[in-house]
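Report on the structure given below.
The values are calculated or read from the model by the stated rules, or taken from the named source; none is laboratory data. Please read all numbers here as calculations on a predicted model, not as lab measurements. So basically every Cβ, Gly included, is an ideal-geometry build from the backbone, and we count neighbours across all protein chains shown. Only protein heavy atoms, including side chains, enter the accessible area calculation; ligands, DNA and RNA are left aside. Shrake-Rupley method; radii C 1.70, N 1.55, O 1.52, S 1.80 Å.
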Amino acid sequence: MRQQNKYNQKVLISQEQIQESVHAMGERIAADYGDDPLTIIGCLKGSFIFMADLVRAIPRPLHIDFIEVSSYGNELSSSGNVRIVKDFKHPVQDSHVLIVEDIVDTGLTFDFLFEHIRLKKPTSLEIAALLVRSTVDLKKRPVKYHGFTIGEEYVVGYGLDAAGLYRNLNHVAVFEQ
Ligand code: IMP
C-alpha cells in the first residue's frame, strides 16, 4: 500500500530506512578512517539533518565544519553554476576530509566542492551523500558513501526542500502527480 504523509506526498524513503542506512554508513566510515584525523564538512543547507545524524553514528573524535553553497535559488531546476555563500574555516591540510551532501543530482556541486577543498591539500578527500541520482556517472564522480539511489523525481524532506519548505520531514517524500 502507498504510504502518504500529511502533505499528501508519497513517502519514498521512510525514517526507519534512513536511520538504518545512516547508521551503517557511520560504522563504515569509522572503520575506514581508523584513528586518523578526520574533518567532516557538511554542505548547507540540504545536508544539515543527514549531517547531524551521520556524525553521531561515527563513534570517534571528529572535526565538524560547514560550507554553504548555492546553485538552485528557489527554483526547482539547476542554474548551472555554484557559488560559495559561507566557506568552511577549519584547516584541513593534515586531515582526511569527508564532504557530506544531501543529494548528488547533476554533480555540479560535487565538482565544485571537490575542487575547492582539494586546493587546501587535505590528506584525502571523499564524499558521502544520502541520495544519488541513477543518472550520475559514479566512475566520473565517485561518491564513496551513499545511502540511496533515486530516479528523476524531485524529493523533499530530511533536509531537502521545495522553495524552502519541507526540510523538517523525518523521511524523504515525492509530490504526487
Ligand atoms: P547538484 O545538481 O548535484 O549540484 O545538486 C545541487 C543541489 O540541488 C543539491 O545539493 C540539493 O540541495 C539540490 N537538489 C537537487 N535535487 C533535489 C531534489 O530533488 N530536491 C531538493 N533539492 C534538490
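For region 54-85, residues that are modelled with pLDDT of 95 or more and open to solvent by less than 30 Å² (accessible area, probe 1.4 Å) total 7. Among the residues making up region 126-177, a single one is farther than 15 Å from Val104 by Cα and either of a type in the set (Asp, Glu) or in contact with a Cys (Cβ under 7 Å, 6 or more places away or on another chain) (or both): Glu176. Being among the aliphatic types (A, V, I, L, M) and within 30 Å of Asn5 (Cα to Cα) is a condition met by at least one residue of region 103-121. Looking at region 1-120, the helices (runs of 4 or more DSSP H) lying wholly inside it that each contain 3 or more residues that are under 21 Å from Ala163 (Cα atoms) sit at 48-56. Among the residues making up region 149-177, a single one is within 28 Å of Asp32 (Cβ to Cβ), open to solvent by 40 Å² or more (accessible area, probe 1.4 Å) and either part of a loop (DSSP other than H, G, I, E, B) or not polar (S, T, N, Q) (or both): Asn170.
A search for C-beta distances below 9 Å between a residue of region 1-23 that is on the phi < 0 side of the Ramachandran plot and any residue that is open to solvent by 100 Å² or more (accessible area, probe 1.4 Å) and of a type in the set (Val, Ile, Thr), counting only pairs 6+ apart in sequence or on different chains, returns nothing. Here Asp111 clears all of (1) open to solvent by 30 Å² or more (accessible area, probe 1.4 Å); (2) within 16 Å of Pro142 (Cβ to Cβ); (3) away from the ligand (no atom under 16 Å from the Cβ) except the condition numbered (3). Checked against the criteria, Asp137 does not count as near the ligand (Cβ under 10 Å from one of its atoms) and farther than 22 Å from Val22 by Cα.
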